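Novice: Below are the structure tokens for one structure; questions will follow.
Taken together, the values in this text are just the output of simple stated rules run on the coordinates, not laboratory data. Computed from a predicted structure; not experimentally measured. When we count neighbours, we look across all protein chains shown, and the Cβ atoms used for this are built from the backbone with ideal geometry, even at glycine.
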Amino acid sequence: MSSVPAGASAAPRRRFQVMSLTDTAADRVRETIAKADKPILGIRVGVKNGGCAGMSYTMEYAEAKNPLDEVIEDKGVTILVDPKAVLFLLGTEMDVKTDVFSSTFVFRNPNETSACGCGESVAITPADPEALAKA
């Protein structure tokens with residue numbers, strides 16, 4: 001039995017955007033895709049176990065959408081998030097860090113609990129879906 005009165009509709013479930021991009025990151029993704037040697041739909045982002053802090057971010061070209069990918073369209077860029085990474089990446093902002101000798105994508109992730117000194121791996125606690133539903 002539903003708690004919604006007859007004739008009324010349930011409030012739509014609030015949907016959270018898993019990730020966002022800065023303008024600089026979106027520009028860099030567009031440049032990177034434009035240089036690819038084959039048609040690319042977007043960039044697939046995920047996390048994997050490994051590194052001294054426990055996890056690291058992954059990025060690769062995505063030629064097609066996988067059935068369970070979370071699709072993010074932000075600033076004209078398509079980001080596909082591996083479904084196993086969604087709770088680890090909720091609220092993350094992707095940016096680009098540039099210094100004298102290098103330029104790299106960086107992730108500002110509110111779910112990170114620590115990072116290693118080399119900057120290659122992080123410890124991430126998955127977001128709590130129940131807490132998000134109450135927000």
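Novice: What's the magnitude of the charge dipole for region 57-96 around its Cα centre, counting Lys and Arg as +1 and Asp and Glu as -1 at the beta-carbon? Answer in Debye, nearest 20.
Specialist: Computed charge dipole of region 57-96: roughly 80 debye.
Novice: Near the amide H of Ala115, under 5 Å away, which other amide H atoms are found, from residues 5 or more places off or on another chain, if H is placed in the peptide plane?
Specialist: Counting only residues 5 or more places away or on other chains, the set is Ala123.
Novice: Under a 5 Å amide H to amide H cut-off, with H placed in plane at 1.01 Å, what residues pair with Val96 once short-range neighbours are removed?
Specialist: Placed amide hydrogens put Ala25, Val106 under 5 Å from Val96.
Novice: Expressed as a whole number of Å, what is the distance separating the alpha-carbon centroids of region 30-77 and region 92-116?
Specialist: 15 Å
Novice: Based on the Cα coordinates of region 20-93, what is the per residue volume of their convex hull in Å³?
Specialist: Hull volume normalised by residue count: 102 Å³.
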